[in-house]
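No value in this document is a laboratory result; all are computed from the given coordinates. No experiment lies behind these values; they were computed from the predicted model shown. With ideal geometry, Cβ positions are generated from the backbone for all residues, glycine too; neighbour counts draw on all protein chains shown.
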Amino acid sequence: MQFNQQKFSNELINTIIGAETSIKGSLHSQRSMQIEGMVEGEINCQGDVYIGEKSIIKANIIARTVTVSGEVFGNIETLKGLRIAKTGKVYGDITGDQLSVEEGGIYRGKVNMEVISSKSPYEGELQFITKG
């Protein structure tokens, strides 16, 4: 695991999809999940979603927060934010209230922060993090 899970959530990960696992279809979870393998389809999670460094995701994702260290091809909708790590790549549109991209992280798509912000007491925030 490349990232410190406790840095993003105090909730334990309920579901882990291993590196040698490939799933086609819809994933639905009430709790947080970590994906180290490949998923094609749809991910709908009421908790947090952690995308591992070697993961390839070809799916739209809806979750409380999403942390991407691998590759995501699809739209992402978050309630509390998206973090793209230095090894992360996201190709798709983002809807949410916070976007954080570490130096080296790649993002290509449109950002819409109005939709979630109107449902949330938090202000939308775009944040670029550079580490030297």
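Summarising the amide proton neighbourhood of Ile23: residues at separation of 5 or more, or on other chains, whose placed amide H is nearer than 5 Å comprise Met38, Val39, Glu40. For the peptides 39-47, 94-102, 24-32, 61-69, the ranking by mean Cβ contacts within 10 Å, running from highest to lowest, is 61-69, 94-102, 39-47, 24-32.
Taking the convex hull of the Cα atoms, report for segment 9-125 its projected area averaged over all directions, in nm².
6.5
Scanning residues 5 or more positions from Tyr107 or on other chains, those with amide H under 5 Å from its amide H are Val90, with H placed 1.01 Å from N in the peptide plane.
Among the lysines of segment 9-125, pairs at least eight places apart or on separate chains and with Cα atoms under 25 Å apart come to 17. Note on Glu42 and Asn14: their simple-model spin labels are 1.8 nm apart, each label 7 Å out from Cα toward Cβ.
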